[in-house]
Amino acid sequence: MKKPLLSVLIASLFATPVLAFEPFTVKDIRVEGIQRTEAGTVFGYLPVKVGETLNDEKAAQSIKSLFATGFFKDVRVEVEKDVMVVVVQERPAVATINFVGLKEFDKDVIVKALKETGIAEGRIFDRALLEKAEQELKRQYLTRGKYAANITTTVTPLERNRVGINFNIEEGSAAKIKQINIVGAKAFREKELLALFELTTPGWLTWYTKNDQYSRQKLSADLEKVKSFYMNQGYLEFAVDSTQVSISPDKQDVYITANVTEGERYQVSSVKVAGDFSMPDDELKKLVLVKAGDVFSREKLNATTKAISDRLGKEGYAFANVNASPEIDKEKRKVAFTIFVDPGKRVYVRRINVTGNTKTRDEVIRREVRQMEGGWYDADKVTASKQRVDKLGFFSEVAIETPAVSGTSDQLDVNMNVTEKPTGNLMLGLGTSSTDKVILSGSIAQNNFMGSGNNVAIQVNSAKTYRTYVFSYTNPYFTQDGVSQGFDVYHRTFNTTSTTLAYYSSSSTGGAIRFGFPIGEKESIGIGLGLDSTSIKTYEQTPQYYRDYVSRFGETNLSVPLTLSWASDGKDSFFFPTKGTFQRASLEVALPGGDLTYYRASYQLQHFVPLNSRFTLMVNGEYGMASGYGASGLPFFKNYYAGGVTSVRGYKASSLGPIYTDPSTTTQYRLGGNRRVVGNAELLWSLPGMDKSFRMGWFVDAGQVYGSEDKVELAELRYSTGLSAAWISPIGPLKFSVGKPLNKKDSDKTEVFQFQMGTTF
């Protein structure tokens with residue numbers, strides 16, 4: 001017969017048991033009432049084992065331990081002779097979670113958030129956790145400005161001790177910022193201060209940016225911007241006293257009020273530098289941007305301390321301490337600064353550690369590192385090392401840490417951690433452009449072949465006007481000092497019968513070997529030598545000028561091109577630069593010994609100027625000239641062309657230049673020219689959250705192509721203006737432009753909308 005000894009509910013867990021019993025030795029333990037829970041799980045939580053003595057205290061501990069698991073809603077301990085019987089009643093399990101009215105969020109995102117609170121399919125149901133999940137769901141809606149969101153939860157019992165949870169959601173509309181007020185501002189107009197805010201009232205772009213929805217983090221950042229603005233204008237004692245955020249009764253409008261105290265405007269009375277400088281006084285003075293008599297600017301003061309610290313870092317003082325101490329004279333509204341400089345000990349680099357590279361060889365990374373082991377720590381060299389490794393394109397992230405060596409005061413380690421990304425690319429492409437209706441492409445490339453840093457690529461492009469087959473190989477470190485070596489083998493065909501160009505087709509087969517020589521951190525020169533065989537085919541519509549050339553030099557010509565180039569790349573980004581200068585000069589000479597002898601020379605200068613955090617000004621200029629020497633003259637298929645997406649937008653591709661009138665048919669053609677001038681100015685800006693993938697611009701283009709008998713006259717330039725967009729989309733790069741010619745001639749061919757896009761599959 002089974003005799004109850006102890007039955008305790010949750011409320012009485014900590015109470016003294018009413019029924020007591022004589023302690024006894026447990027010969028067996030039996031569990032009853034379990035359906036999903038394994039018996040071994042129950043045994044694992046019991047503080048009593050077979051062979052141990054069971055008493056009142058251990059019985060109460062057993063019940064308490066099993067309740068603490070959260071698996072059971074009732075636990076009893078009974079005794080049958082010398083057997084301990086544990087009777088449990090399991091909590092139900094969550095079978096399904098459904099959402100009704102969920103539109104603002106993706107279901108998977110909400111399910112993941114609820115799982116972190118303890119509510120998920122297959123888990124034990126706990127009403128306390130359900131209430132926590134409701135609060136988490138409401139918090140998610142508050143982050144989107146939907147203060148009127150209403151959530152009703154229904155728990156439905158199911159068979160086999162399970163429940164279904166239904167969230168019925170009335171999202172409502174997001175509350176918008178109706179008004180932002182700054183109280184206490186006198187020195188500056190409120191409109192000028194609000195222009196610093198990221199938060200704003202509804203506008204034409206706020207549907208995307210969501211900046212018209214209140215965010216505590218954004219408001220804190222905006223108020224810090226206002227404080228920095230005042231500090232840079234001399235208001236040393238500026239303070240934000242309080243902020244009030246209120247919402248209308250219908251929970252649709254948000255009102256923000258910031259109370260500020262401007263204080264007085266201060267001037268700098270004097271600036272002194274004290275301490276051990278470890279650098280010439282003249283050089284130190286150049287680093288001090290704050291001058292006596294200037295209006296106080298926190299930005300200049302911070303820039304001064306950073307410049308001094310960075311300069312000391314170049315000399316090996318990695319742990320230099322530079323602080324500015326102010327002395328405020330409130331009566332005269334003046335402030336004097338003493339900049340204390342403590343360089344500390346000169347620090348040496350003990351070891352450079354590279355981690356995270358599982359496929360890339362260590363030497364591929366280390367050869368880009370400019371900081372040397374055993375040498376003085378140089379902050380500029382460490383930064384340059386990170387940038388060079390990042391520009392390899394093998395890693396999604398490059399992080400550098402410089403921890404001090406334990407037990408020393410003059411040594412540190414440089415720890416470089418990289419996160420590898422796939423460097424191989426197998427691509428089939430289908431694209432279109434305004435010149436070629438359909439473009440088929442395919443390539444197999446490995447930028448980091450077998451972790452060696454070498455590039456191997458096979459490329460195939462097929463369009464209505466051209467076909468290209470290329471195999472290329474590049475070793476960026478053919479020698480240890482950074483000389484690169486590579487070669488290309490190609491076959492190209494070109495057919496102009498579907499373009500605005502004069503009719504002809506060509507076929508080129510050849511190859512080239514090339515070398516690159518670094519002459520600085522950002523500069524390099526290149527040299528290459530190739531062999532090219534080009535065949536020309538004419539048609540009935542082909543201009544007489546082309547036919548005469550083929551008749552004179554034959555349909556097939558062999559050339560030996562020698563290429564020389566110099567490049568300087570100071571841009572901060574390859575795809576979307578915001579600052580820096582790029583220059584490139586190139587020369588192609590067809591050497592004597594071939595059928596063709598000519599040269600082509602070009603120079604490009606491109607400069608990016610950051611106007612602020614959002615806008616960048618790009619200025620680009622290009623000039624090219626070509627001519628023949630010897631008997632062959634300049635081949636017509638080596639002429640320059642202009643017009644289109646890459647030169648002067650708003651005009652059809654390759655449509656600018658001198659006009660040739662065929663004497664036999666009186667048909668007019670654009671044959672290109674031996675000189676080309678192109679200039680571009682473009683105001684670029686990015687959209688919030690898409691800085692690295694999307695950019696728009698307002699451009700002004702100018703350009704023209706001149707023949708050998710024409711003078712380069714600026715009056716003949718063609719101008720255009722319009723809007724552009726570039727997007728590195730998940731399906732490939734896309735470029736669009738809407739251009740309007742400004743000085744179109746009757747003979748010019750225009751094209752307002754131009755685009756180029758491609759996709760991969």
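The values are calculated or read from the model by the stated rules, or taken from the named source; none is laboratory data. As the structure is a computational prediction, the values presented were derived from the model and not from experiment. Heads up, the Cβs are rebuilt from the backbone with ideal geometry, glycines too, and the neighbour counts pull from every protein chain shown.
I'd like the full set of residues that are closer than 30 Å to residue 684 by Cα, of a type in the set (Ser, Thr, Tyr) and assigned to a loop (DSSP other than H, G, I, E, B), limited to region 552-597. Outline the logic, then answer.
From region 552-597, those closer than 30 Å to residue 684 by Cα are 565-586; that's our starting set.
So of that shortlist, the ones also of a type in the set (Ser, Thr, Tyr) come out as 565, 568, 573, 578, 581, 586.
Correct list: 573, 578.
Taking the criterion of being assigned to a loop (DSSP other than H, G, I, E, B) and either acidic (Asp, Glu) or in contact with a Pro (Cβ under 7 Å, 6 or more places away or on another chain) (or both), the only residue of region 631-659 that qualifies is 650. Does residue 73 meet the test of being within 39 Å of the chain's Cα centre (by Cα) and outside the structural domain of residue 253 (by TED's automatic domain parsing)? Answer is no for this residue. For region 295-332, a tally of residues being more than 21 Å from residue 278 (Cβ to Cβ), outside any helix (DSSP H, G or I), of a type in the set (D, E, K, R) and touching a residue at least 40 places away in the same chain (Cβ under 8 Å) returns 3. If the condition is being closer than 23 Å to residue 454 by Cβ and exposed (fewer than 15 other Cβ atoms within 10 Å of the Cβ), then region 362-386 contributes 362, 363, 366. Considered as a group, the residues in region 453-485 that are modelled with pLDDT of 80 or more, buried (at least 17 other Cβ atoms within 10 Å of the Cβ) and among the β-branched types (Val, Ile, Thr) include one that is farthest from residue 531 (Cα to Cα), and that residue is 456. Checking the conditions here, which among 299, 264, 283 is out of contact with any helix residue (DSSP H, G or I) (no Cβ under 9 Å at 6 or more places or on another chain) and closer than 30 Å to residue 338 by Cβ? From the options 299, 264, 283, the qualifying one is 264.
Take region 548-578 and flag every residue that is more than 30 Å from residue 516 (Cβ to Cβ) and surrounded by fewer than 17 Cβ atoms within 10 Å (Cβ to Cβ). Step through it out loud before you land on a result.
Residues of region 548-578 that are more than 30 Å from residue 516 (Cβ to Cβ), as a first pass: 548-556.
Listed by number, the residues that qualify are 548, 551, 552, 553, 554, 555, 556.
Taking residues in region 190-211 that are surrounded by 12 or more Cβ atoms within 10 Å (Cβ to Cβ), and partners anywhere that are among the aromatic types (Phe, Trp, Tyr) and modelled with pLDDT of 90 or more, the pairs with Cβ atoms closer than 7 Å and at least 6 places apart or on different chains are 196/229.
Condition check ((1) surrounded by fewer than 21 Cβ atoms within 10 Å (Cβ to Cβ); (2) in the same structural domain as residue 744 (by TED's automatic domain parsing); (3) at pLDDT below 90; (4) among the hydrophobic types (A, V, I, L, M, F, W, C)) across all residues:
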{"site": "643", "(1), (2), (3), (4)": "no, yes, yes, no"}
{"site": "658", "(1), (2), (3), (4)": "yes, yes, yes, no"}
{"site": "663", "(1), (2), (3), (4)": "yes, yes, yes, no"}
{"site": "667", "(1), (2), (3), (4)": "yes, yes, yes, no"}
{"site": "672", "(1), (2), (3), (4)": "no, yes, yes, no"}
{"site": "679", "(1), (2), (3), (4)": "yes, yes, no, no"}
{"site": "692", "(1), (2), (3), (4)": "yes, yes, yes, no"}
{"site": "700", "(1), (2), (3), (4)": "yes, yes, no, yes"}
{"site": "719", "(1), (2), (3), (4)": "yes, yes, no, no"}
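Is at least one residue of region 486-495 buried (at least 16 other Cβ atoms within 10 Å of the Cβ), at pLDDT below 85 and assigned by TED's automatic domain parsing to the domain that holds residue 656? Yes. Filtering 213, 252 for residues that are under 26 Å from the mean Cα position of the chain (by Cα) and outside the structural domain of residue 289 (by TED's automatic domain parsing) leaves a single hit, 213.
State yes or no: is residue 335 over 30 Å from residue 521 (Cα atoms) and in a strand (DSSP E or B)? When the stated conditions are applied, residue 335 passes them. In region 77-99 there is no residue that is surrounded by fewer than 14 Cβ atoms within 10 Å (Cβ to Cβ), within 39 Å of the chain's Cα centre (by Cα), in the same structural domain as residue 159 (by TED's automatic domain parsing) and more than 26 Å from residue 35 (Cα to Cα). Annotation note: of 396, 434, the sole residue that is at pLDDT below 75 and either over 23 Å from residue 312 (Cα atoms) or more than 24 Å from the chain's Cα centre (by Cα) (or both) is 434. Report, by residue number, each residue of region 212-271 that is in contact (Cβ under 8 Å) with a residue 40 or more places away in the chain, over 18 Å from residue 200 (Cα atoms), outside any helix (DSSP H, G or I) and aliphatic (A, V, I, L, M). Within region 212-271, 236, 260, 268, 271 meet the criteria.
May I ask you to verify whether residue 708 is under 30 Å from residue 212 (Cα atoms), out of contact with any helix residue (DSSP H, G or I) (no Cβ under 9 Å at 6 or more places or on another chain) and not β-branched (Val, Ile, Thr)? Explain how you work it out, then say what you get.
Numbers: under 30 Å from residue 212 (Cα atoms): no; out of contact with any helix residue (DSSP H, G or I) (no Cβ under 9 Å at 6 or more places or on another chain): yes; not β-branched (Val, Ile, Thr): yes.
Here the answer is no, as residue 708 does not meet what is asked.
Among 288, 322, 295, which is the only one that is modelled with pLDDT of 85 or more, touching an Asp or Glu at 6+ places or on another chain (Cβ under 9 Å) and either surrounded by fewer than 16 Cβ atoms within 10 Å (Cβ to Cβ) or of a type in the set (A, V, I, L, M, F, W, C) (or both)? Explain how you work it out, then say what you get.
Working: 288 fails: touching an Asp or Glu at 6+ places or on another chain (Cβ under 9 Å); 295 fails: touching an Asp or Glu at 6+ places or on another chain (Cβ under 9 Å).
Going through 288, 322, 295 in turn, just one is modelled with pLDDT of 85 or more, touching an Asp or Glu at 6+ places or on another chain (Cβ under 9 Å) and either surrounded by fewer than 16 Cβ atoms within 10 Å (Cβ to Cβ) or of a type in the set (A, V, I, L, M, F, W, C) (or both): 322.
Residue under question is residue 198, and the condition is that it be touching a helix residue (DSSP H, G or I) at 6+ places or on another chain (Cβ under 9 Å) and either assigned by TED's automatic domain parsing to the domain that holds residue 334 or under 30 Å from residue 296 (Cα atoms) (or both); does it hold? Taking the combined requirement at face value, the residue satisfies it.
Here residue 178 does not fit the description of being surrounded by fewer than 17 Cβ atoms within 10 Å (Cβ to Cβ), in a loop (DSSP other than H, G, I, E, B) and either in the same structural domain as residue 100 (by TED's automatic domain parsing) or not β-branched (Val, Ile, Thr) (or both).
Given the criteria under 30 Å from residue 207 (Cβ atoms), crowded, with 20+ Cβ neighbours inside 10 Å and at pLDDT 90 or above, does residue 649 qualify? Here the answer is yes, as residue 649 does meet what is asked.
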